[in-house]
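Engineer: First the structure, which I've put down as structure tokens, then a few questions once you've had a look.
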Amino acid sequence: MAKRALIVDDSASMRQMVGFTLESAGFEVIQGINGEDAIDALKAAGKVDVIVTDLNMPIMDGLAFIKEVRKMPSAAFTPILMLTTESGEDRKMQAKEAGATGWIVKPFQPEVLLKVIQKVMPS
Amino acid sequence: METEQKKLPEGTDLASYTNQFLTFTLADEEYGVDILKVQEIKGYVATTRIPNAPPHVTGVLNLRGTIVPIIDLRRTFNLPEVVYDQFTVIVVVVVHDRVMGMIVDSVSEVMNIMAEDIQPPPNLGKGGSNALRGLGKVDDKLVILLDIDAVLLDEASLATAA
Amino acid sequence: MSIDISSFRQAFFEESAEQLDEFESSLLQLERDPSDRELLNCIFRCAHSIKGGSATFGFPEVASFTHSLETLLDEVRNSRVVIDSTLSRLLLESLDHMRILISVSKGEVESAPDSAGLIARLVDASKTSPKASPVPVIVEEQSVPGSEELYQLDFKPGQDSIRRGNDPLRMLEDLRGIAEVTRISCDKSGIPPMEEMDPEACYIAWSLTMITTANEAELVEPFEFIAGDSVVNLTVSDGFFRGANFATPSVPEDDAPVVASKRKPAQEAATTSAKDGGTIKVSSEKLDKLINLVGELIISQSMLNSVTEELDTTKLVGLTEAVSHMERSSRELQEQVMGLRLLQIKMAFGRFPRLVHDLASVCNKKIELRLSGEETELDKNLIEAIGDPLTHLVRNSIDHGLEPAEERLNAGKPGVGVLSLSAYHEGGSITIEVADDGRGLNVERILAKAIDRGLVSADDNLTDEQIYQLIFQPGFSTAEQVTDLSGRGVGMDIVNQAIAAIGGSVKVTSVPGKGCSTRIRLPLTMAILEGQSMAVADNVYIIPLTSIIECIRPRQEDVHDIAQTGEVVRVREEFLPVLRMHRAFGVEPKISEPWDGSMVLVECEGRKIAILVDELLGQSQVVIKSLETNYQKVEGIAGATILGDGRVALIIDVPGLVRGFEGQKKKAA
């Protein structure tokens, strides 16, 4: 069964790029344009192997999204990576509190993204 | 509006095509045009007249959805008029990125004429035109090779000038 | 394997353009309502998004400039800085600067003015010191190949690690990939009794020894994400405590209120992102091809209809039914496909809030822009084509029509002038109106200028309406001096031509002192036309319904041939000049006298003409085919179409035909 990834970002170009990166690594990619949309997508998909999400999004931002996701039994332990320009320690703490697994700062090299994702995926 | 691309068979040596001509008759003379410019051949159908068109443009035709102007080559070359009949053919060519049709008496065949059998056009003095590529000789027959771009230049340039 | 980021740049450019437009419109709205939080958040997000994208896709200048802007906007949205008109201007300037920077990134423009000045002003406006965190830049990890060392690692994941999706076992596996683990032991002492245990918490710790050439950074890298609240103690086993101690007690912070409020659906600037989720961008070329194909289908359909009508279909009942069914499907397909090309006119109106705002301040006038009917849909090509004409009309209104506040007040009008742009469907066409409540057109000046230019003579008795239409003549301008905006004398006739080129018409009405209104009438689409077919001998011609007033069978007693004027026909109280179609096109008609044929009454640029033809055929929707693609433009002909029997019918361009007709009459006179 192919690995699945959920990408959440309100920027289409970002979703395209991250999506392409993941697809070329063999992932089946599902997209959400903001937190709320992503929750719907996740419910429809059932389960994913990794989630990559932006922080600042309209309607439901990254932190609220992660909190919601962690409430879902199918996604309680799914690795969640934040992909954002922010790098402040307090923000990282907030993300951790919400349940984020890890953090990648934009701009990033696609290869680095893949490496980090491999790192957090369960063996 | 699309112009049909001629599909050459696989492995075609393009050089061998440069001397292929479609030959047709006009007033008992044999003429030839570069085969690569010819898109298709159609039986004669009456055209729709266009107002204020030059005399050699008889009108336009519907060619699978595209409107194509039709030129009467006899008029272009100042040859006497004839009644069109079931042998009359319209040769559709692509010239200067435009699709046009020319009315000829009948179509003969596709011939290969080697470069050594083509003589440069004679210098006919002031009255001559540069519409000729040359004179081809095939089995004692004379084939007048037209530079179709030059012949139809008027039609093509009319549009850009407008 | 490397991935080429540059292939996504196009998407980024398109997205940034949308973001910048949203930024601009939100900002303009904000000027009217400075306390609207949603607008503030929206503006911040636009800048934030562009910053992230530009950094990721390799445009550091854009990223660093936008970073300063974002910092300022963050202060604004947190109410630490207040938006006033000065700040608003600064933000608009920044917006324009960003557009230029992006143009440079796209390669459209050579170079941009230096950002430093603007950045300094943005920083100043933030009134806080420049943000401590600089624009994130990728730091290459250095790996120093070293000799083999013996390390000891004590590792206790924080209790919440697993809850956050981390997998300690995976981390140990990764470690095994770069080090040879010689000894490992597990400390289970932290596990509480069953009743107290939280199955999702991590209570286990590990301790291991390993030999490796990897350096310390590499060794702790697998634990990067849990380092903050875990114990990861790396020591070199000569006993000397050299590794950094990553243990920090996790401090639970009060949840910052980060859940964004639901966006108001009424937000007009809304949701290019929300829409984005359900749409696909399709190239116009593909759409045009599709529309062409559907046009072909409709023609084939007509041909099929013609043929089946002539067959004896009593034995082929199924055939007629099938053909009829197919016709219904084709028509519906055509409607749907034509609808694809429709966009809301909002797209054409988009530039005006900003334009009016800027022009009003340049002219020192107070102007309110009112938009209505923005959801009215229009063919994409038409939207592109009316952009410039509309801009010109708007500029005219602002420059000449609307008066400065003082003058308005003196005239008893409110100080703020109203400029309205509206669009609505009317019959088979779309009307776009540009109206103002300013001075209105000056009839005397227009007439004087027209006489001066020899367009009319002093004793022509013209109605006010006819005088207004004179402004569409080439070379006409009554502006006293050529102002920067307009009045160069190339204005209205270019507008007229541009509109005519897309098959529309322009009409202007005015009331002196009260205002002026320009109405543009456009066909719904450029590719398909509702037309009246008519025949002259064997030739079929089609006149667009939008030009036709009515069709009549003239009576002998109503047709007169007036010396020095020509043929006219009486229609109720009017006398209309008669244009004989067969003469215009040089064909032999079947009828000999006008009363044997039919006349089509058309209206064109304020004049009415009666066109004589042999007979009227039906009305239908025809697919417009270009004559110019392979032939050339012919005056009086708008295009051609293919009839059900495969023949070509010419579509008449009424203004062109009438011009030719009048030109001939002048010559004869």
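The values are calculated or read from the model by the stated rules, or taken from the named source; none is laboratory data. Since we're looking at a predicted model, the values are computed, not measured. Cβ placement follows ideal geometry from the backbone for every residue including glycine, while neighbour counts extend to all protein chains displayed.
Engineer: With respect to residue C:54, is the statement that it is closer than 23 Å to residue C:351 by Cα, of a type in the set (Gly, Ala, Ser), in a helix (DSSP H, G or I) and outside the structural domain of residue C:348 (by TED's automatic domain parsing) true?
Structural biologist: no
Engineer: Given the condition assigned by TED's automatic domain parsing to the domain that holds residue C:540, out of contact with any strand residue (DSSP E or B) (no Cβ under 8 Å at 6 or more places or on another chain) and free of Cβ contacts under 8 Å to residues at least 24 places away in the same chain, answer yes or no: does some residue in the range C:597-614 qualify?
Structural biologist: No: the range C:597-614 contains no residue that is assigned by TED's automatic domain parsing to the domain that holds residue C:540, out of contact with any strand residue (DSSP E or B) (no Cβ under 8 Å at 6 or more places or on another chain) and free of Cβ contacts under 8 Å to residues at least 24 places away in the same chain.
Engineer: Here's something else I'd like to know. Here is a list: A:62, A:26, A:32. Which entry is touching a helix residue (DSSP H, G or I) at 6+ places or on another chain (Cβ under 6 Å) and of a type in the set (Gly, Ala, Ser)?
Structural biologist: Testing whether each residue is touching a helix residue (DSSP H, G or I) at 6+ places or on another chain (Cβ under 6 Å) and of a type in the set (Gly, Ala, Ser) leaves just A:32.
Engineer: Oh, and also: One residue is enough: does the range C:37-49 have a residue meeting the conditions in contact with a Leu (Cβ under 6 Å, 6 or more places away or on another chain), in a helix (DSSP H, G or I) and within 30 Å of residue A:114 (Cα to Cα)?
Structural biologist: Yes, the range C:37-49 contains a residue that is in contact with a Leu (Cβ under 6 Å, 6 or more places away or on another chain), in a helix (DSSP H, G or I) and within 30 Å of residue A:114 (Cα to Cα).
Engineer: Is there a residue in the range C:40-49 that is modelled with pLDDT under 85, within 18 Å of residue A:19 (Cα to Cα) and within 8 Å of chain A (Cβ to nearest Cβ)?
Structural biologist: no
Engineer: Right, something else. Pick from the range A:73-94 the residues that are within 7 Å of another protein chain (Cβ to nearest Cβ) and part of a helix (DSSP H, G or I): which of them is surrounded by the fewest Cβ atoms within 10 Å (Cβ to Cβ)?
Structural biologist: In this case the residue turns out to be A:93.
Engineer: Being more than 12 Å from chain B (Cβ to nearest Cβ), over 14 Å from residue C:322 (Cα atoms) and in contact (Cβ under 8 Å) with a residue 60 or more places away in the chain is the filter here, so list the residues in the range C:288-305 that pass it.
Structural biologist: Hit for the range C:288-305 is C:291, nothing else.
Engineer: Which of (1) modelled with pLDDT under 90; (2) over 24 Å from residue C:167 (Cβ atoms) does residue A:55 not meet, given it meets every other one?
Structural biologist: Looking at each condition in turn, residue A:55 falls short on (2).
Engineer: Could you check residue C:653 against (1) among the charged types (D, E, K, R); (2) surrounded by fewer than 21 Cβ atoms within 10 Å (Cβ to Cβ); (3) free of Cβ contacts under 8 Å to residues at least 60 places away in the same chain; (4) touching a Gly at 6+ places or on another chain (Cβ under 8 Å) and say which number it fails?
Structural biologist: (2)
Engineer: From the list B:90, B:70, B:41, pick out the single residue that is under 22 Å from residue C:647 (Cβ atoms), away from every other protein chain (no Cβ under 14 Å) and assigned to a strand (DSSP E or B).
Structural biologist: Every option except B:41 fails the conditions.
Engineer: Also: In this structure, does residue A:48 turn out to be assigned to a helix (DSSP H, G or I) and more than 7 Å from chain C (Cβ to nearest Cβ)?
Structural biologist: Judged against the criteria, residue A:48 is not a match.
Engineer: Additional query: Can you tell me which residue within the range A:28-41, out of those that are more than 8 Å from every other protein chain (Cβ to nearest Cβ) and crowded, with 24+ Cβ neighbours inside 10 Å, is farthest from residue A:98 (Cα to Cα)?
Structural biologist: A:32
Engineer: At least 1 residues that are under 33 Å from the mean Cα position of the chain (by Cα), of a type in the set (A, V, I, L, M) and more than 7 Å from every other protein chain (Cβ to nearest Cβ) in each: list the strands (runs of 3 or more DSSP E) lying fully within the range C:602-657 that qualify.
Structural biologist: Per the criteria, C:615-623, C:637-642, C:648-652.
Engineer: Suppose we filter C:105, C:88 for residues that are of a type in the set (S, T, N, Q), under 22 Å from the mean Cα position of the chain (by Cα) and in a helix (DSSP H, G or I); which single one remains?
Structural biologist: Matching residue, one of C:105, C:88: C:105.
Engineer: Considering only helices (runs of 4 or more DSSP H) fully contained in the range C:373-479, which possess at least 1 residues that are in contact with a helix residue (DSSP H, G or I) (Cβ under 8 Å, 6 or more places away or on another chain) and closer than 17 Å to residue C:508 by Cβ?
Structural biologist: C:380-396, C:443-452, C:464-469
Engineer: What's the number of the condition residue A:17 fails, among (1) facing another protein chain (nearest Cβ under 8 Å); (2) touching a residue at least 24 places away in the same chain (Cβ under 8 Å); (3) assigned to a loop (DSSP other than H, G, I, E, B); (4) out of contact with any Leu (no Cβ under 8 Å at 6 or more places or on another chain)?
Structural biologist: Unmet for residue A:17, out of (1) facing another protein chain (nearest Cβ under 8 Å); (2) touching a residue at least 24 places away in the same chain (Cβ under 8 Å); (3) assigned to a loop (DSSP other than H, G, I, E, B); (4) out of contact with any Leu (no Cβ under 8 Å at 6 or more places or on another chain): (3).
Engineer: Something else about it: Kindly establish whether residue C:502 is assigned by TED's automatic domain parsing to the domain that holds residue C:429, under 22 Å from residue C:626 (Cα atoms) and surrounded by fewer than 21 Cβ atoms within 10 Å (Cβ to Cβ).
Structural biologist: yes
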